[in-house]
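Step one of this worksheet: look at the structure below.
Coordinate-derived values only; no laboratory data. None of the values given here were measured: they were computed from a predicted structure. Please note: Cβ atoms are built from the backbone with ideal geometry, for glycine as well, and neighbour counts cover all protein chains shown.
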Amino acid sequence: MVNFEARTSVGDGRVVVALAGECDLAAREHLTAVLLDAVHRSRVVLVDMARLTFIDSSGVHSLVTAHHAAKNSGGRVHVANATGPVAAVLELTGLDTLLAAPAEERRHA
């Protein structure tokens, strides 16, 4: 049983992808597809990680893939609201800095 969810909403000139549960190898293809769809729909994608409890290298790979796709089309992918082990993985990999959301984006996640 997969314990992962990615919900997408559109508004304020951006797409918000809200993640919940555990993002591991079983969720990688789904997460990558959701993020790439969001990148194609908007120049700004905010990944809200408030309800994400776990992320491994598979999830990191999906975020990096989306980042490169957005960058190549003149857009940006940002992450916000990561806590605990998820925040630690983002910090360890440098994604906390690379994908840091501007303050105004974080407030509206």
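With axes computed from alpha carbons, what is the tilt in degrees of helix 84-93 against the longest principal axis of the chain, rounded to the nearest 10 within 0 to 90?
Roughly 70 degrees between the two axes.
Which percentage, to the nearest 5, of the DSSP beta bridges contained in the chain is antiparallel?
Antiparallel: roughly 35 percent of the beta bridges in the chain.
Going by how many other beta carbons lie within 10 Å of each one, how would you line up SER62, SER73, SER42, fewest first? Numbers along the way, then the final one.
Details: SER62 24, SER73 10, SER42 19.
Ordered from fewest to most neighbouring Cβ atoms within 10 Å, SER62, SER73, SER42 come out as SER73, SER42, SER62.
Limiting things to C-alpha atoms, what are the Rg and the maximum Cα-Cα separation (Dmax) for the chain, in angstroms?
12.3, 37
Grab the other residues whose beta carbon is less than 13 angstrom from that of ALA70, score K and R as +1, D and E as -1, and report the net.
+4
Can you tell me, using C-alpha contacts under 8 Å and at least 6 residues apart, the relative contact order of the stretch 1-71 as a whole percent?
Over the stretch 1-71, the number comes to 36 percent.
Once Rh is set to the Kirkwood radius over Cα pairs, what Stokes-Einstein translational diffusion coefficient, in µm²/s, holds for the stretch 57-106 at a temperature of 4 °C and a viscosity of 1.567 mPa s?
The Stokes-Einstein estimate is 116 µm²/s.
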